[in-house]
Structures are given as structure tokens and as C-alpha cells.
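Taking it in order: structure first as C-alpha cells, then the write-up.
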Amino acid sequence: MADRYIDLDETQIHGPYAAKMIRRSCVGLVPPCDSGLEHVASEIEHATAEVKRRTDAARTASAALREGAQGKGPVLGRSVRFLGRFSTHLDSQPKGEVDRRTYFPEDGTAGGVGRSAPRVLLALGRIAELLAKPECRATGRAEWQAEAQALIAELAPVVEHSSNARTERTAATPPLEAVRQAWLQTYVAAKCGVECVLRLSGNMHLMPVVFYDLAVPGSAKVTEPPPEPPA
């Protein structure tokens, strides 16, 4: 029974193995077809290399995104806590001196900002800008502004890194299935060419020897190539 589904990782096993076995077991059986066999073996290798390139790019972007999320956690938590403390500080101001909605336009509270890094970063920037204005009446504004600026300096690069990684992953991931399908078309085409040579030479028993997916159970997860058969 043939493997019913060849995933991205399995292409890196079935592809090189088939190309090698085509050259080893099929070339020479019908000499006029040798150039065609060499061509399909090269096409399999080319398609396999492209799958690896695209897969590696997608996984690198995913790893960068996870790294960005991990790095964002500590500074994001401190930034959210800063917003809460600053909101409490506004409560201590003389009545009528400070308009809370100037600092927290969402609903007048720190909770209205939310906890997403981009929104927190925007809130920090807004607060730092307002505190820098000469007409600002909030007490201790220099200290609060300095703390907000320090948090911005930490959080902004992490948010940018995460955003860039997400963009790269989005660009890399959707085409992966298309690349796998293109690889499958090349692989199936190679099977057709090899089958032609094996039928002409009376060696159809070599099909599962050349194409390992024909020799494994339908639900198999292949993690390594088989031992090479005797010459």
C-alpha cells in the first residue's frame, strides 16, 4: 500500500531517495530513455530543494515570532502596570485639574487601553507627550514622563521585531502547500517515466524499490530513508 500523504518533511526523504534510485536502478535498463530518467531525477532534486528552502524560511519566521513574544512579555507587563499606577496617580490630583480622558481617551481608565503591545505602546507615547507639555498640571510629571519614555524605549523595538517576524511568516506560510503540491506533481511525473522504463524492461517489481512511498503503509510517518537494497 502506498503512503497516502507525503508531508513537507517526508518530501526530504522520498525525493532524494527516488532520485538516487532512479540513477542506480533504472538508468541503463532502456538506454534510449536514460536522458529522460536523468531529467526526472534532476527535477525531483530541484523540487525537493525548493520545498526545503520555503519550509526553512517559514519555520525561521515562526521561531522569530515566538522569540519576539517571549521578549515582549516582561516589558509589556511592566508597561501595563505603569498605566495602572499612573491612572491611580491621576485619581490623587485636585478635582478639575486633570482630565482623565486626555490620557486615556478610550474610556478614561487604564483598563480601556487593553493589553495588546501596540495599544499599550501607543498609550505610553500619548502619556509621555502630554506630560512633556508646559501646560500639564499633573504632579510629578517629570518622573512619570521619564518612566514612560524608558518603557517606550524597551517596548518599541520588541513590538517592531514581532511585527516583522509576523509579516515574514505570513508571506512564507501560505505558499507552502502550493510548493508541496508542485513537488507531488514532479514526483508523480517521475513515477510515470520510471514505470514506462520498468514496463519496457520487465522490471515492474522495482517500482517500490525506487519510490519508497509505495513500500510503506498508507498511514506511515516516514522519518528516515530505508536501507539501500543490494546492487
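Some observations on this one:
- Model label sites at GLU228 and ARG85, defined 7 Å from Cα along the beta-carbon direction, differ in position by 6.7 nm.
- Partner lysines for LYS191 [C-alpha distance under 17 Å; skip if fewer than 8 residues away on the same chain]: LYS20
- Per-residue extension of 0.36 nm, minus the Cα-Cα distance of GLU129 and ALA156, leaves a gain of 8.2 nm for this segment.
- Net length gained if the chain between ALA182 and LEU200 were fully extended (0.36 nm per residue, minus Cα distance): 3.7 nm
- Radius 12 Å from Cβ of ARG180, net charge of other residues (Lys, Arg +1; Asp, Glu -1): -3
- Only lysines eight or more places from LYS133 in sequence, or on another chain, were considered; those with a Cα closer than 25 Å are LYS95.
Values in this text are rule-based calculations from the coordinates and carry no lab data. The model shown is predicted, which means the values in this text are computed figures rather than measured ones. FYI the Cβ positions are ideal-geometry reconstructions off the backbone, even for glycines, and counts take in every protein chain you see.
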